[in-house]
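The values are calculated or read from the model by the stated rules, or taken from the named source; none is laboratory data. Bear in mind the structure is a predicted one, so any value in this text is a computation, not a measurement. Because the Cβ atoms are built from the backbone with ideal geometry, glycine has one as well, and the counts that use them run over all protein chains shown.
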Amino acid sequence: MTSGKKHTVRTLRKMKTNGEKIVMLTAYDAPTAKFAQAGGVDMILVGDSLGMAALGYSDTVPVTMDDMVHHCKAVRRGAPDTFIVGDMPFLSFHLSEEQTLLNAARLIQDANCDAVKLETDHSTIPVVKRLVEAGIPVCAHIGLLPQSVKTSGGYRIHGRKEEEAEALLADAIALQEAGAFAIVFECLPASLAKKITESLDIPTIGIGAGPYCDGQVQVIADLVGFFTEYLPKHAKRYADLGNEMKNAVSSYVDDVRSGTFPGVENATE
Ligand code: KIV
């Protein structure tokens, strides 16, 4: 953020009012969080994309509360002055109200996150309300919900059909009324994201939802080129760190094998 002070839910809302774009980026470890903070992001999301981006899973479903707490703590150590949102993983907010509150409290109290994020639809609106009543800031998430792809029919744009678009608008308004401080839109048509953004007072943060949201979120691995095989249409690669890392490792391998490294300058007597 420009003033150098950590955001609050109020300053984030003010950015929407002032027409300033909000920049969110994922991070899963302390060094990445440090660079994200130094690069000037407004918010860091410790997303359950952790599963694919750092833990080697093929989707987000295997990610546990313990995984999230562990990585949120690391991110907080790397970015002490940034607003951090910790993702509630698969089934962590469905079993009971008590379990949901205890899980959210682990992210807020143990890992020192500023807010939690939940993949939401009409059925989870009471959960958002309960968390907010308990003093926990909630970022909602609508559209493509990766934790539910097995029931929703895979990775696709949501809200192309009129009744689906109307339901998404109604859910977004209800989530705002339930107390969510922001909503992530994942994979919505740009025109629908614009319409919902204009209907809400709280900020909307898009990924694959076009340019008219109040802010944007991206997965760091896409941005810096860690996923070398595939770049989603909604992402942009700003660096090629995957290939740089591979080249660095093969230079190291060559140097050790040829006796070039370590040299006398790297040795101590
Ligand atoms: O887990 C994640 O990184 C997310 C973003 C894609 C919004 O939920």
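Descriptive notes on the structure:
- Any hit, segment 3-21, residues being within 16 Å of the ligand (Cβ to nearest atom) and β-branched (Val, Ile, Thr): no
- Residues being hydrophobic (A, V, I, L, M, F, W, C) and either more than 16 Å from the ligand (Cβ to nearest atom) or in a loop (DSSP other than H, G, I, E, B) (or both) - total across segment 219-245: 8
- Filtering segment 78-99 to residues that are free of Cβ contacts under 8 Å to residues at least 60 places away in the same chain, surrounded by 15 or more Cβ atoms within 10 Å (Cβ to Cβ) and either over 14 Å from VAL128 (Cα atoms) or in contact with an Asp or Glu (Cβ under 7 Å, 6 or more places away or on another chain) (or both) leaves GLY78, ALA79, ILE84, GLY86, ASP87, PRO89, PHE90.
- Close pairs (6 angstrom Cβ cut-off, 6 or more residues apart or separate chains): more than 10 Å from ARG237 (Cα to Cα) in segment 215-227, more than 10 Å from the ligand (Cβ to nearest atom) and charged (D, E, K, R) anywhere: GLY215/LYS21
- Scanning segment 8-24 for residues that are surrounded by 20 or more Cβ atoms within 10 Å (Cβ to Cβ) and either part of a loop (DSSP other than H, G, I, E, B) or in contact with a Leu (Cβ under 7 Å, 6 or more places away or on another chain) (or both) gives ILE22, MET24.
- Segment 118-147 residues that are crowded, with 18+ Cβ neighbours inside 10 Å, paired with ones that are aromatic (Phe, Trp, Tyr) and not in a loop (DSSP other than H, G, I, E, B) (beta carbon under 8 Å, 6 or more apart): ILE142/PHE185; GLY143/PHE185
Per-residue answers, yes or no, for (1) over 22 Å from GLN99 (Cβ atoms); (2) under 14 Å from the mean Cα position of the chain (by Cα):
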position: VAL41; (1), (2): yes, yes
position: ALA53; (1), (2): yes, yes
position: SER58; (1), (2): yes, no
position: HIS70; (1), (2): no, no
position: ASP81; (1), (2): yes, no
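- Only a single item in (1) under 16 Å from the mean Cα position of the chain (by Cα); (2) under 15 Å from ILE142 (Cα atoms); (3) in a loop (DSSP other than H, G, I, E, B) is not met by GLN216, and it is number (3).
- Subset tally (residues that are closer than 25 Å to ALA30 by Cα and touching a Leu at 6+ places or on another chain (Cβ under 7 Å)) for segment 88-115: 3
- For GLY208, the test of being modelled with pLDDT of 95 or more and more than 15 Å from the ligand (Cβ to nearest atom) is failed.
- Flag if TYR212 is surrounded by fewer than 16 Cβ atoms within 10 Å (Cβ to Cβ), touching a helix residue (DSSP H, G or I) at 6+ places or on another chain (Cβ under 8 Å), within 27 Å of PRO189 (Cα to Cα) and among the aromatic types (Phe, Trp, Tyr): no
- Restricting segment 180-205 to residues that are within 12 Å of ALA165 (Cβ to Cβ) and in a loop (DSSP other than H, G, I, E, B), the residue that is farthest from the ligand (Cβ to nearest atom) is PRO189.
- Some residue of segment 30-42 being crowded, with 23+ Cβ neighbours inside 10 Å, touching a residue at least 12 places away in the same chain (Cβ under 8 Å), of a type outside the set (Val, Ile, Thr) and within 15 Å of the ligand (Cβ to nearest atom): yes
- Only residues that are farther than 23 Å from SER96 by Cα and touching a strand residue (DSSP E or B) at 6+ places or on another chain (Cβ under 9 Å) were counted in segment 123-165, giving 5.
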